[in-house]
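Below is one structure, written out as structure tokens, with a few remarks after it.
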Amino acid sequence: MCVINLKKISLIVFLFGAFQLSAQNTEVYYDSYDFIEKMLVGKTELKFKNAVFAVEKAYNDMLNIEELNKEINFLVALTNLTSMSDIITYEKKDKDIVIKHAGIFRVMCDSIIIPLDSTHIFIHSPYTYDFDDPFGQKDWSSMFVSKLLETGKGNCHSLPYLYKILADELEIPCYLAFAPNHIYIKSYAESTGWYNTELTSGTFPVDAWIMASGYISIDAIRNGLFMDTLSTKQAIANCLVDLAQGYQQKFVRENPDFVIKCCNTALKYHPTNVNAMLTKAEAQKHYIDLQMKKQNVKNAKDLFTDKIIAEMYSDMEQTYVRLHQLGYRRMPERMYLEWISLLKNEPNKYINKSIQTIQKK
Amino acid sequence: MGIKGKYFLILAVFLTTTNNLLGQIPVVEAPKPPTMFTVPIYNNPTPQARQSNPFPNVPNSNNHNPLEMYERDKHELQRRNAELYKISHENDNSNSNNIIQYDLPSQLGRRGTEYYQEALDKLSKMLRGETPLNLKNAVFTVENAYFENHLNYSNYNKAIKYLAETAKLQTMQDGRNWNNPITKNVMLFRAMADTLEIKVRQKERTSVVSYPMQYDFEDFRGEEDWSKMFVSKLLFANKGQCHSLPLLYLILCEETGAKANLAYSPSHSYIKFKDNSGNWYNLELTNGRIVTDAFVVGSGYITAEAIKNKLYMEPQTKRQVIAQCISDLAMGYRHKYGYDSFIKQCVDSVLKYDPNNLGSWMIKSNYETQRLEYVVNQVGRPHPDILKERYPKIFELFENRNAIYRKIDASGYREMPKEAYEAWLNSVNEEKERREHDEKYNKVLRLVR
């Protein structure tokens, strides 16, 4: 018997691209910025997929977007195929939408086996969580959808992004939502109301799980910092934060202008985007610290003769104050992994039972 | 033995007179309020009332669920509808030409309803700002309407003053400053949740012991006897549930000039207060604990939407709590007379002042369902498509009812099964929660100056 694994097809592209970069490529970043901003101001169609690939292309200019689109189209076709067989029992008005969601979930979290003829079967394996480098510290491209498509391994950034891209292609509503250091999927079904899809573990956790991280204050929820749905426009605006973070990874952080520009635009369309606020304030802090070292002063106020620094400092301070007021608390990375594993350790408490019963095993 | 016997007698009278109110045709006889609150007076100590607890200790496995009252309503509704349906079906052919009644038959001619009208007027005046917002009076008004004006205000008032006095005397006995608002918060909590022993002046070796209020496991949802939910019942029996206990605490705060807020969680309510450094404390009066937000959320039935829409965990203003009293009034009316437009009048006035009041939305949805069933039965329960075509006005009622259900769903409300509620409230006894309580309780005691 012969098994075809489609993921291998575009694997080679990535291996060569990543490390031969130089400072000249900042221009690519400005191009990607313009590309995304055009969507936000309404000059071009809002398309999350294109924004994501623009961000990844900026980091890795060897990326073959055509290939990626092909791969996405293939996954869409596979989802459609999966949705046609009766994978779930659900009989409400929004049946068509819910079944497609189930299809995407199946494609991403389960093996799909399709007999091709008497001697060939086609297997599509599930995407898995990358425990080696969940925060992209070793290699920033671990955060990327393109990396996920190539290696079949992703994290809480690339997995929900891929889900959202597939849902957009299938034209069904699907929303990204933030938790501390985390992104997950929120969807609406008539029978259950809002429900969460957690792709890092392939489960449907209840809201209490996200709150159990311990770093979500009630105020943070009230103010829409966490656990609120992002519109497609806000999700695209968030791509600018990804762009800024990729830029920081690739180039030395001496000049914060580009990062600040990205974050400010993101905040214009999504004023409570917690990542944008943090990324911006941290870039400013880093820059001011650097200047203090350079000029050998101990107090930041000594630099305020430079008006730009004075303004930057007060902007940074305001952002931190605002973050605190909105209810943001910093979550240590160790806590993050402990929290993610709660779903495995205490499934009875945190898994949405009403959905587990809908999903056929 | 004397006092014990008296207590049981009162209870027995109480139960026998009111437990048939839930019957399909409510008995018109006025329910009798508890006729006496045994309140000891400190100058002339007769400490018998609180010295011995007339009720046996019940193991701590409790549950209570006011929101489930609404769930129960649904079943009651279904039962009634089935009957209505039967009746209307019998007359199906003869009825078809009659004029359709679009409103449920009014109960307002029946005995005792006038007290409800009066009570609604009184509470509405408070909400409109024509009279001062006074929770003690508001709660009394609601409960007195149920007892058709037979509740004794002076006894009710005395019992409240007694508790406030207990907290105050204990504070002074401990050499603390009663005028500090946070001290009041903590000491009132202790008066309700702790055993306090107050020495009587001039009489050495004599003291009055105040025992913690207990959770009432018997008919805690007021199914058989709605007055079980009442603060007046809590005052005379020293036992209550998550409806009456937090309300009494708020009344005590009002009485002594302390500040605290009510907050809701699924099928539950509890107290929040803030210390001078801005930290919030959650008082869980059903078991005398101080709990974390994580515990409240841990029920698993609080969604992000519900928090964002301020359904749960949001400190309620006094005006909101008094608006909620109108919702309680509507529930009492429903228990005595069933659904009619008075209920709608009540919930609409609540929602006018507090558009996020979940309880009122639930009552409203039940009212609209009952009304729809009543109207639809008159035309022989046709399919909605036929309704739309032939009875557009009824179809509008149908759409309207569905819109309310959708609104409740979208607000983030999730039905919490009774078992889940029980398990959650019990989880307060888990090691982790116990530690949290001890830590917070000690912290809170240090706030007492």
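The values are calculated or read from the model by the stated rules, or taken from the named source; none is laboratory data. Predicted model, so just to flag it, every value in this text is computed and none were measured. Please note: Cβ atoms are built from the backbone with ideal geometry, for glycine as well, and neighbour counts cover all protein chains shown. These area figures cover heavy atoms from the full protein model, side chains too; ligands, DNA and RNA do not enter into them. Shrake-Rupley method; radii C 1.70, N 1.55, O 1.52, S 1.80 Å.
The figures follow:
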{"quantity": "Loss of accessible area when B meets A, both sides summed, Å² nearest 100, probe 1.4 Å", "calculated": "1300 Å²"}
{"quantity": "Kirkwood-Stokes translational diffusion coefficient of chain A, alpha-carbon pairs, 10 °C, 1.306 mPa s, µm²/s", "calculated": "73 µm²/s"}
{"quantity": "Long-range amide H partners of B:Lys239 with built H, under 5 Å", "calculated": "B:Gln214"}
{"quantity": "For a label point 7 Å along the Cα-to-beta-carbon line of A:Arg322, residues of region A:289-308 with backbone N under 16 Å", "calculated": "none"}
{"quantity": "Rg(Cα) / (2.2 N^0.38 Å) computed for region B:98-205, rounded to two decimals", "calculated": "1.64"}
{"quantity": "Spatially close lysines, pair count over region A:202-296: Cα under 23 Å, gap of eight or more or interchain", "calculated": "16"}
{"quantity": "Coil-residue GluC sites (Glu not before Pro) of region A:150-250, DSSP, other Cβ within 10 Å capped at 15", "calculated": "A:Glu171, A:Glu190"}
{"quantity": "Taking the C-alpha atoms of region A:188-248, convex hull volume expressed per residue in Å³", "calculated": "136 Å³"}
{"quantity": "For q = 0.11 Å⁻¹, Debye-computed log10 I/I(0) when each Cα of region B:250-358 counts as one equal scatterer", "calculated": "-0.41"}
{"quantity": "Relative contact order of chain A, pairs being alpha-carbon contacts under 8 Å that are 6 or more residues apart, as %", "calculated": "17 percent"}
{"quantity": "Reduced Cα scattering model of region A:151-190, Debye log10 I(q)/I(0), q = 0.14, 0.22, 0.25 Å⁻¹", "calculated": "-0.32, -0.72, -0.85"}
{"quantity": "Calculated on alpha-carbon atoms, Rg and Dmax of the protein assembly as shown in Å", "calculated": "31.6, 102"}
{"quantity": "Rounded to 10°, Cα long-axis angle of helix A:95-109 versus longest principal axis of chain A", "calculated": "80 degrees"}
{"quantity": "Residue-averaged [θ]222 nm for chain A, counting only DSSP H segments that reach four residues, each worth -39500 (n - 2.57)", "calculated": "-17000 deg cm²/dmol"}
{"quantity": "Where chymotrypsin sites (Phe, Trp or Tyr not before Pro) in DSSP loops with at most 12 other Cβ within 10 Å are excluded, longest remaining stretch of chain A", "calculated": "A:132-361"}
{"quantity": "Reference-scaled alpha-carbon Rg (2.2 N^0.38 Å with N residues) for region A:293-342", "calculated": "1.74"}
{"quantity": "Surrounding net charge for B:Thr171, when Lys and Arg each add one and Asp and Glu each subtract one, Cβ distance under 11 Å", "calculated": "+3"}
{"quantity": "Rounded D (µm²/s) - region B:209-273, Kirkwood Rh over Cα pairs, Stokes-Einstein at 20 °C, 1.002 mPa s", "calculated": "173 µm²/s"}
{"quantity": "Estimated translational D of region A:214-343 in µm²/s (Stokes, Kirkwood radius over Cα pairs; 20 °C; 1.002 mPa s)", "calculated": "134 µm²/s"}
{"quantity": "Of A:Lys138/A:Lys307; B:Lys228/B:Lys344; B:Lys74/B:Lys259; A:Lys49/A:Lys153; B:Lys184/B:Lys308, pairs whose Cα-Cα distance is over 26 Å", "calculated": "A:Lys138/A:Lys307; B:Lys74/B:Lys259; B:Lys184/B:Lys308"}
